[in-house]
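> Could you have a look at this structure, given as structure tokens, before my questions?
The values are calculated or read from the model by the stated rules, or taken from the named source; none is laboratory data. Just so we're clear, the structure is a prediction, and the values are computed from it rather than from any experiment. Virtual Cβ from ideal backbone geometry, glycine too; neighbours counted across all protein chains shown.
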Amino acid sequence: MRDIELVSVAGLLHDIGKFGQRAEIELKKDSYKSYDYRYNHARYTAQILYELSFNLGDELNDSASMHHNPKDDLNWIIASADRMASGFEREAFNEYNAKFDKENFKKQRLWHLFDKDKRFAIDTLNPNSIYPVAKNEDSVNEYEKLWKSFINDLKKIKTKATSSIDRFTIDYLLKKYTSFIPSSTTFKIKDYTPVKANIPLYDHLRATAIFSSVIYKLYENGNENIINYYKRKSSDIEQKDMLLINGDFFGIQNFIFDGVPTAKASKILRAKSAYIQILTKIIAFYIVDELELSYNSIISTNAGKFEILGVNDKDSRDKLHKIQEELNDFFIKEYFGQTGIGISFVETNLADFIVAGRYENLRERLANEVEKTKFNKFDLISREPVLSYDEGITNQNLCEYCNKRKQEEEKEEDGCKSCNLFINIGEKLAKSNFFSISKGSEQDKIFGEYSIDFFDKVGKIDNVIALYDISNNEEFKGYAKWELSSYVAKNEKNEVKTFEELAKKSVKEGKKDGKREHGVEALMAMKGDVDSMGRFINNPKNEVTNSFARYNFFARMIDYFFSVKASVMMKDRALYTVFAGGDDIFILGAWDEVIEFTKELREEFKKFVEGSELTLSVGMVMTKPNKPVNFVAFKAEEALEKSKEHNENGKLKDAISLFGESVKWDDYLDDNGLMDELKILDDNTSFLYRLLELVNMSKKVKYHNHIPSTIWKSKLNYSFCRNIDIKNEKNRQFLSNLNIMIEKYPQETKMFLSEFIYKRRLS
């Protein structure tokens, strides 16, 4: 591992002592060097680094532990990174340290992301621990059990930091075990609170690792400006020493759905989505390799986006421009410019990370640069716009998947090189336990020298940069986990179910002895995303962007909800994930199961973001499994847009679009008992369809003041009395409810009626 990588890992581990201290492990003075560490948690860090055999070497072990009392330049690199990660100016940091070991840190809990009156429990990061709990303190030391589990997992890592594989694994374990440990706990100095317990230890550790990497690179280049600020030497916090770099895929939906044959869609859609995730990470790796940074310089990679913190110098800027040209060439050659990555960056300085209000401004500046880049895709003004196609294409050798390239002649498959890669990824995703990214190996080439491989057991790992456990279970097997293989339903042969097979799983109660007696067989496509994320992030009262670490915490938890929590919720259902991560989700599946899952997802999301104004809008479209998938995707996107545009009483979004109607979620979920009452009409299909006609008449009255349609009420009473026993009190209540629902909530009533009819109609 390179020196910069080791320094960044030292930064990642510098406050691990806080975990051990709160777990009340025994502090053995003879197990580490007798330096003046200044604070107890730093002593714990020293002991842990030596006792648990992190192979950083004595010098870096010391530097990680001496971050509160630095003696040499290496100490100061990590000390400065720690202060930056805390968002501290010099004076505030000194005030904080004066009281650090006196706070009641064993009892206080991490503030919830959205509700300051609630807390996270001390627990691992898992799908059940992401919700708030009411209490702030606990008399039981919950850290002790958590620490023991952490140590047991840590023992499964063979070398602990001598390779980049270890770096990713250590990072994963810290994320798993310290995501709900407060990095610092709340206390007051005089009349103000210098610290809030709202940043996890993990995000502080990651931020320190990121800053350690960039400060070390600056130091190598002879730039000690940031270090000098914390040394109280001559410095300039406005000096633009760094670059905040963003990579953003565009045209993802067209890339995933365009040209995919319906009969083979289940083989390739999820693979294309996974390919975007893989390529995002590989491009981020490539950039940090080219800029000679650490892999810890990568702030995030998810949902087709990445961020990196680098050094602001001519060499870095020139390399980024060169990389953009390479990416343009790659995407035009391989995918005809259907998708691509735009690289944007802004110059930044120390003040942007430590002065109140500045990080919000930095995020806004970066967002503006990203938007500018989107309008300059592939630099078409200076680039030759003519695309190159394979020569000698005929109907006999045309790829059956994309219909754009020639089939691979030496392969038995009917696809071109690109499509065969996607098929290979899709098949292996469903069956493999481990996944690796290598540089210089001869596996499946992805970009430049970077290759990927899938396997069931870890064997020879030459040239491997990163190795991930992608199995769908919680057991730690010694390697970082990556939720790459999002949930897809499988058949008895452990193969991904076709869309025909998914459709046949519709309306389980409509089957008897394996034969369908009623209920429509169909697919439902659902696309959803979080409403008004940009506005929420930029609102100062939400404190999302008031610090670098705080923003990273927010972003990764939103991604975790969709990429992990949602996937767990899909288990054993006839569903297929196209993509899920960032702040959006797209699934296909048996139509009624998609509806039920979407209701549950919204309820879980509401619980997850409790205390915030964040909402989730979704669009759903019902379709036969033989419809072209790009058409289905377009209609789902169209339905989502209707939800986003839905306005009721001045309130936008927070809506669901289904069966051609768009309504507020709360109105849709409250059926006023209608779905149960409709069972009275189980054998009266003609009357159910008559009700749909009356609903449409009521809509004309409500929204268009169509006077002739006001006759719907008399028609309802006449039809009801002809078809239903009106002497029955239960039936009279049903009629009364129909009158109320059709008049006040015609759109919602149409949705309830449509679902009921499709569940009882013969296919």
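> Restricting to segment 611-645, name every residue that is of a type in the set (A, V, I, L, M) and in contact with a helix residue (DSSP H, G or I) (Cβ under 9 Å, 6 or more places away or on another chain).
Matches in segment 611-645: 614, 616, 618, 620, 621, 622, 629, 632, 633.
This table checks each residue for (1) within 29 Å of residue 388 (Cα to Cα); (2) assigned to a helix (DSSP H, G or I); (3) without any contact (Cβ under 8 Å) to a residue 60 or more places away in the chain.
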position: 237; (1), (2), (3): no, no, no
position: 267; (1), (2), (3): yes, yes, no
position: 279; (1), (2), (3): yes, yes, no
position: 285; (1), (2), (3): yes, yes, no
position: 319; (1), (2), (3): yes, yes, yes
position: 324; (1), (2), (3): yes, yes, yes
position: 333; (1), (2), (3): yes, yes, yes
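> Taking only segment 345-361 into account, find how many residues are within 26 Å of residue 319 (Cβ to Cβ) and buried (at least 20 other Cβ atoms within 10 Å of the Cβ).
So the answer is 8.
> Continuing with the same structure: Got a sec? Which helices (runs of 4 or more DSSP H) wholly within segment 527-637 have at least 2 residues that are over 23 Å from residue 119 (Cβ atoms)?
Where helices (runs of 4 or more DSSP H) fall fully within segment 527-637 and carry at least 2 residues being over 23 Å from residue 119 (Cβ atoms), they are 533-538, 566-569, 591-608.
> Okay, next question. Considering every residue within segment 430-438, establish whether at least one is at pLDDT below 90, closer than 30 Å to residue 155 by Cα and out of contact with any Pro (no Cβ under 6 Å at 6 or more places or on another chain).
The answer is yes, given that some residue of segment 430-438 is at pLDDT below 90, closer than 30 Å to residue 155 by Cα and out of contact with any Pro (no Cβ under 6 Å at 6 or more places or on another chain).
> Got a sec? Which helices (runs of 4 or more DSSP H) wholly within segment 1-59 have at least 3 residues that are hydroxyl-bearing (Ser, Thr, Tyr)?
Qualifying helices (runs of 4 or more DSSP H): 40-51.
> To continue, here is another question. Just to confirm my filter: which helices (runs of 4 or more DSSP H) fall fully inside segment 647-763 and include at least 2 residues that are among the polar types (S, T, N, Q) and at pLDDT below 95?
685-704, 712-723, 729-744
> Is there a residue in segment 232-246 that is in contact with a strand residue (DSSP E or B) (Cβ under 7 Å, 6 or more places away or on another chain), surrounded by fewer than 20 Cβ atoms within 10 Å (Cβ to Cβ) and over 12 Å from residue 309 (Cα atoms)?
yes
> What residue, of 393, 341, 354, 323, is in contact with a strand residue (DSSP E or B) (Cβ under 6 Å, 6 or more places away or on another chain) and either modelled with pLDDT of 90 or more or closer than 30 Å to residue 541 by Cα (or both)?
The match here is 341.
> Could you list, in sequence order, the residues of segment 683-717 that are exposed (fewer than 12 other Cβ atoms within 10 Å of the Cβ) and closer than 23 Å to residue 728 by Cα?
Those that are exposed (fewer than 12 other Cβ atoms within 10 Å of the Cβ) and closer than 23 Å to residue 728 by Cα: 683, 686, 714.
> Another question about this same structure. Among the residues of segment 437-464 satisfying the criterion of being touching a helix residue (DSSP H, G or I) at 6+ places or on another chain (Cβ under 9 Å) and assigned to a loop (DSSP other than H, G, I, E, B), which is surrounded by the most Cβ atoms within 10 Å (Cβ to Cβ)?
Step by step, filter segment 437-464, then rank; the result is 461.
> I'd like to check something: does segment 8-27 contain any residue that is farther than 30 Å from residue 310 by Cβ and out of contact with any Phe, Trp or Tyr (no Cβ under 7 Å at 6 or more places or on another chain)?
yes
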